[in-house]
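Asks: The structure under discussion is supplied below as structure tokens; questions concerning it will follow.
Since every read-out is calculated from the coordinates, none of them should be taken as a lab result. No experiment lies behind these values; they were computed from the predicted model shown. When we count neighbours, we look across all protein chains shown, and the Cβ atoms used for this are built from the backbone with ideal geometry, even at glycine.
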Amino acid sequence: MPRPNGLILKRLVFGFILLLAMATGLLVFRMPDIKPATTSLREFSAARAVKHVEAIAQYPHPIGSSEIEQVRDYIVSELVGMGISPEVQETTVPDYFGTNNNEPVDIRNIFAVLPGANPTGSVLMAAHYDTVPLSPGANDDSSGVATLLETARSLTATSPLRNDVIVLFTDAEEPGQFRYGARFFVANYESTDDVRLVLNFEALGHTGPSIMFETAPGNSWLIEGLTQGAPDPVAFSFMSDLYRLVAKGGTDFAAFEEAGINGLNFAYSFERTVYHTSLDNIESLDQRSLQHHGDYAFSLVRHFGDLDLSQISSSTEGDSIYHSIPGSITVRYPASWGIPLVLITGALLVWLIVVALRKGFITTRNILLVSTVLTAELIAVTIVLTLAWWGIDEIHLAFGKVIEPTYKAHVLFVAFLVLAVAMMIALRAMLHKRLDSLSMALGAVLFWWMLALAAGFCLPGFNIILVWPLLFSLLPLGWVILRKSSDRRSWGYLSLISVSAVVSVVLMTVPVYLSFQAMGTASPGFSGSPSFPIIGLSVFFWVMLLGLLLPHLEFLVDWRQRKVILGLLATAVLCLIAGCIIPGVDITSFGLSG
């Protein structure tokens, strides 16, 4: 039987739209260009700031070492050279790393206040200047120190802001979860009550955009300031919720939050293999990430520095849900909208299900069966691929290698994504004789809605990436159910599945790729462990996305054919082979002992 006229063209158009949507989703991670050293002194230049990193990150400088004293002297001399009078806070803490024969060690915070013209409060910029014993800390956190020094220099070249600006370099951030320096500062700084917000700068990798990954409750005014004041904001409320769920207290930001000071926590985390190792040196630093840090610091301190901070207490009772998209746009709305949006979407879904039931298109049993199967599928695929990734990582370690993050990890990641597609299609092919396509599509959407409802109460920051793909997926379903049409090859249906797919792919590409970069590759220096890869979260998001997309992909190809599954498996195998051929990184190069 000949193909309907124009079907090949329609399939090409839809395939192109899918690829374009995926590429567009990744554009949100674009980094800014480096501003040269000749840039005006009234702007932040990474080319100037990197000189500070070169001076600081020559050797590891953990608490209690002679090297940290040299770094401290450098920071103080740079501030004095700018005409700024720094102060030093000193206290004694346990010898966490054993650098002083397990005797108590002295730690010192360095801070300086840039007076405002008519202060209504203070804006605090913070970064820590200590490292773990093995790491020179070019990224973690000399990049943060350099960001503060270059921003302070830029501020001295301009007229004073309305509010005071505090530049704080904390000591003893690295020892466990204690955050000795930051906690000592907030407990002993005499004007802590005047501090209205903190901008904290960290690094968990050696490249990538600087992402605002954490903020405390009552953040609406902060997110508004971020979107208005920063030139290229990259921020996701789901990331803040997730981080606070699994790693709260992982940076100095926790000490300020405990003291009732809200703020914004920034870090870049791509290719984190060097984290807490000897490879975290000046050669590993990506100046584009440093530039992004600096753009935030310089722009936001000027924005918040000129606000009437005395009015903040009356406007901090609301939370925001937010998500950056390409084009330097951050979509945001009140968190109070989250549950109503879920309920409205649920009402539309229930209405479509009721209509489909009345018309005899589906049965209640099939819908519940699909939802149950998808739940099991999500868990099973995530576990299987996580264990497989862990196995590959362990095999590399057995040969004294770590998976190289720039090329090798990405090729292997593609292999795992394709494997997930093959596994899910194979399951649907087996169920096809018992379950029709409409039941599969509605069951997937119902499953998503249940997740969105649960997240609405527990993790409201996930609202955008769960509700909006869900809402737009109802468009093609409505076409099929309300028009009483089984023709899914028309231009009208193509338009609806294209809109639905674009929204889903653009939004979900972020958690898929971000969780892979932040958690999916080995980090030999993490928590003293030779390996700590968690690919499961990225696979989880990928399987969720496929659950919505696969019913639409029937337009692209009849994926029930055996040759489709075999083609996907062949592609996955080729990527696995290519990933194995690409050399790993010798474990000895990280400078780890034992």
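Asks: To make sure I understand the rule: partners must be aspartates and glutamates, Cα under 17 Å from the Cα of residue 359, and not fewer than 8 residues away in the same chain. Which ones qualify?
Replies: Excluding near neighbours in sequence, the set is 436, 487.
Asks: Using θ = phi - 60° and the Karplus form 6.51 cos²θ - 1.76 cosθ + 1.60, what ³J(HN,Hα) does each residue of the range 192-204 get, whole Hz, x for Gly and Pro?
Replies: 4, 5, 8, 6, 9, 7, 10, 10, 10, 10, 9, 8, 10
Asks: Which whole-Hz couplings ³J(HN,Hα) result when phi for each residue of the range 242-259 is put into the Karplus expression 6.51 cos²θ - 1.76 cosθ + 1.60, θ = phi - 60°, listed in order with x for Gly and Pro?
Replies: In residue order, the calculated couplings are 5, 5, 5, 6, 9, 9, 4, x, x, 9, 4, 3, 4, 5, 6, 5, 4, 8 Hz.
Asks: Could you derive backbone 3J(HN,Hα) for the range 584-590 from the dihedral phi with the Karplus parameters 6.51, -1.76 and 1.60 (θ = phi - 60°), listing whole Hz in sequence and x where the residue is Gly or Pro?
Replies: x, 9, 4, 4, 5, 6, 7
Asks: Also, I was wondering about something else. Using a simple charge model, +1 on the beta-carbon of Lys and Arg, -1 on the beta-carbon of Asp and Glu, nothing else, what dipole does the chain show about its Cα centre, in debye to the nearest 20?
Replies: It works out to roughly 4240 debye.
Asks: Relative contact order for the chain using alpha-carbon pairs under 8 Å, separation at least 6, rounded to a whole percent?
Replies: Working: 1109 pairs, mean separation 102.9, N = 594.
Normalised by residue count, the contact order of the chain is 17 percent.
Asks: Can you give the three extents of the C-alpha atoms in the range 24-106 along their principal axes, from longest to shortest, in whole Å?
Replies: 52, 39, 21
Asks: Also: Could you give the size of the charge dipole of the range 239-374 about its Cα centre, using +1 on the Cβ of each K and R and -1 on the Cβ of each D and E, expressed in debye and rounded to the nearest 20?
Replies: Details: 9 positive and 13 negative charges, 223 e Å.
Result for the range 239-374 is approximately 1080 debye, rounded to the nearest 20.
Asks: Using 0.36 nm times the number of residues separating residue 158 and residue 434, minus their current alpha carbon distance, what extension gain do you get?
Replies: Extra length available between residue 158 and residue 434 comes to 92.2 nm.
Asks: How about the range 269-344: which GluC sites (Glu not before Pro) there lie in a loop by DSSP and see at most 11 other Cβ atoms within 10 Å?
Replies: Of the GluC sites (Glu not before Pro), the ones in loops of the range 269-344 whose Cβ has at most 11 other Cβ atoms within 10 Å are 317.
Asks: Also, quick follow-up: Assigning unit charges at the beta carbon (Lys, Arg +1; Asp, Glu -1) and nothing else, what dipole magnitude in debye, to the nearest 20, does the range 336-583 show about its Cα centre?
Replies: Charge dipole of the range 336-583: 880 debye, to the nearest 20.
Asks: Going highest first, how would you order 222-234, 427-439 by mean Cβ packing within 10 Å?
Replies: Ranked by mean Cβ neighbours within 10 Å, highest first: 222-234, 427-439.
Asks: Sorted from largest down, what three extents in whole angstroms do the Cα atoms of the chain have along their principal axes?
Replies: The principal-axis extents, from largest down, are 82, 58, 43 Å.
Asks: To continue, here is another question. Counting other Cβ atoms within 10 Å, which GluC sites (Glu not before Pro) in the range 143-191 have at most 14 and lie in a DSSP loop? Let's see the in-between values first.
Replies: Details: sites: 150, 173, 190; in loops: 173, 190.
Qualifying residues, ordered by number: 190.
Asks: How would you order 569-577, 369-377 from highest to lowest mean count of nearby Cβ atoms within 10 Å? Mind showing how you got there, number by number?
Replies: Values: 569-577: 15.8, 369-377: 17.6.
In decreasing order of mean packing, 569-577, 369-377 become 369-377, 569-577.
Asks: Under the Kirkwood approximation for Rh and a Cα-based Rg, what ratio Rg/Rh is obtained for the range 336-583?
Replies: Reported Rg/Rh (Cα atoms, Kirkwood Rh): 1.00.
Asks: Could you tell me, in Å, what Rg and Dmax come out for the Cα atoms of the range 46-318?
Replies: Values for the range 46-318 (Cα only, Rg and Dmax): 17.1, 50 Å.
Asks: Going by average Cβ neighbours within 10 Å, how do the peptides 209-217, 92-100 rank, with the highest at the top?
Replies: In decreasing order of mean packing, 209-217, 92-100 become 209-217, 92-100.
Asks: Say each of residue 407 and residue 482 gets a label point 7 Å from the Cα, pointing the same way as Cα to Cβ; how far apart are those two points in nm?
Replies: Those two pseudo-labels are separated by 5.1 nm.
Asks: Continuing with the same structure: Under 19 Å from a point 7 Å along the Cα-to-Cβ line of residue 59: which residues of the range 142-182 have their amide N that close?
Replies: Within reach of a label on residue 59: 142, 172.
Asks: Could you work out the local net charge near residue 97, counting Lys and Arg as +1, Asp and Glu as -1, over the other residues with Cβ closer than 11 Å to its Cβ?
Replies: Counting the neighbours of residue 97, the net charge comes to -3.
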